[in-house]
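Report on one structure; see the data block that follows.
The values are calculated or read from the model by the stated rules, or taken from the named source; none is laboratory data. Note that the structure is a prediction, hence the values are computed from the model and not measured. Here Cβ is always computed from backbone atoms with ideal geometry, including for glycine, and neighbour counts include all displayed protein chains.
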Amino acid sequence: MATLGERILIIESDPDISDLIARQSLQPLGFQVTVVSDASAAIKQTAQIPPDLIIVNLNQPGLSGKDLLVALASQGVKAPLMVIAEKGQESDAIQAFRLGATDVLFWPARDAEVVSAVERALRQTYEARTRQKLDQQLKKTNEELHHRVRDLTSLLTIGKAVVSITDQRQLFDRILEGALQLAEADTAWLLLRDEKTKIFLLSAHRNLPDAWAKKMNQPLEDGISSLVALSGESLLMYGAPLQKFKVAALGKSAGVIPIKAGSEVIGLLIVVRKADQEIGKSAQIMLEAVADYSSISLVNTQLFNALAQTAELARAGEKTRMAALDSARGAIREEVQTAMYPLGMVLAESAGTLNMEQRRALQTVHSALQRLTRASENTVVPGASQKK
């Protein structure tokens, strides 16, 4: 059997037996063998370097092999125990099994028998380690799966909030809550760019100390956000490099994620951990997804505000146009009325007799002025009934 240098502790006072087992049988196969002759040395050795297999002779002088099994069990020794018994000691071997032994080697034995017994005993160690490793892998996989489900649930919650919550303050709070959970952070805040000044202002936060929180709706200089605002790339800092910046006063690990509209940075999401633990790549990916949701919210708000402003301007323009039209209509009506009076007097020949050609010309003018009056009175104004 190929070995990986398994450590074997032999507790044997007979040098002939220990020589055959250690030097002749096991060491040539690559096993690391340690031989001790008494119980106290054995207990000390197992405490210093836990072996992969313990071989103990039941016929030890002083503390018997069975007593040593009890002593090793009380010390919490996990290695399998194989006992050496003389032929005719079957009842002692059975008792040794009851005390925790996993196998027995009846002496005298040939080196092939020794190797076979050792391999058989170590196989239990291999199987136990394999089961333990599989259990650990399964536990780790379950933890990762649980963590992933939790993260995806948080992202889904944020996504629903973006399309359902109209109160931007409440939405920001939901976004920061999700960011804290995804990054396993202690503090988070949002810096949003003012469209007029192009300066990033503190717009929302979770767990900022009072000295920082009082900067609400003002610029907040943490030392690293300005770098991300310029580069447009996420920045994770941990350990000694972070200590150079002001944000180190809040924790030992920090991350700054840009919120973009296209290639333009319109906001920054910052998270900080107090624990001495780096924010990893998977957390960065999740935070960038949160930043994308934030971008959707901010862009939607900008579009809504722009549409509202456009509609207001359109309403104001319509009012101006209607006012101008009404003014023009009134002016036309006044001018027509002014012209109709002297024209009527002329047609009535108050100023003298008219020939046929003059009368026809003046009647044509009179008819045109009447049509102009009716046209101005029949002009439809939105929201008003048409005059007849």
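Data for the structure
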| item | result |
| --- | --- |
| Residue in the stretch 293-308 that is at pLDDT 70 or above and over 30 Å from Arg150 (Cβ atoms) present | no |
| Hits in the stretch 35-63 - residues which are surrounded by 19 or more Cβ atoms within 10 Å (Cβ to Cβ), over 49 Å from the mean Cα position of the chain (by Cα) and of a type in the set (S, T, N, Q) | Asn57, Gln60 |
| Sole residue being assigned to a helix (DSSP H, G or I), out of contact with any helix residue (DSSP H, G or I) (no Cβ under 6 Å at 6 or more places or on another chain) and closer than 27 Å to Thr153 by Cα, chosen from Glu177, Glu233 | Glu177 |
| Test: Ser226 is more than 18 Å from Met286 (Cα to Cα), part of a strand (DSSP E or B) and hydroxyl-bearing (Ser, Thr, Tyr) | no |
| Criterion (closer than 17 Å to Ile17 by Cβ and in contact with a strand residue (DSSP E or B) (Cβ under 8 Å, 6 or more places away or on another chain)) met by exactly one of Leu122, Leu105, Leu69 | Leu105 |
| All positions within the stretch 131-178 that are surrounded by 12 or more Cβ atoms within 10 Å (Cβ to Cβ), more than 13 Å from the chain's Cα centre (by Cα) and among the acidic types (Asp, Glu) | Asp173 |
| Selection count, the stretch 344-385, where residues are closer than 21 Å to Ile332 by Cα, at pLDDT below 70 and of a type in the set (A, V, I, L, M, F, W, C) | 3 |
| Hey, Gln60 within 20 Å of Asp92 (Cβ to Cβ) and not aliphatic (A, V, I, L, M) or not | yes |
| Identity of the residue in the stretch 187-211, farther than 21 Å from Asp292 by Cβ and in contact with a Ser or Thr (Cβ under 9 Å, 6 or more places away or on another chain), that ends up surrounded by the most Cβ atoms within 10 Å (Cβ to Cβ) | Leu208 |
| Residue, surrounded by the most Cβ atoms within 10 Å (Cβ to Cβ), within the stretch 77-130, restricted to residues that are within 15 Å of Leu26 (Cβ to Cβ) and among the acidic types (Asp, Glu) | Asp103 |
| Residue tally, condition without any contact (Cβ under 8 Å) to a residue 24 or more places away in the chain, surrounded by 13 or more Cβ atoms within 10 Å (Cβ to Cβ) and of a type in the set (D, E, K, R), over the stretch 222-253 | 0 |
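Condition check ((1) in contact (Cβ under 8 Å) with a residue 24 or more places away in the chain; (2) part of a loop (DSSP other than H, G, I, E, B); (3) among the aliphatic types (A, V, I, L, M); (4) outside the structural domain of Ile158 (by TED's automatic domain parsing)) across all residues:
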position	(1), (2), (3), (4)
Leu190	yes, no, yes, no
Gly255	yes, no, no, no
Ile266	yes, no, yes, no
Leu269	yes, no, yes, no
Asp276	yes, yes, no, no
Met286	yes, no, yes, no
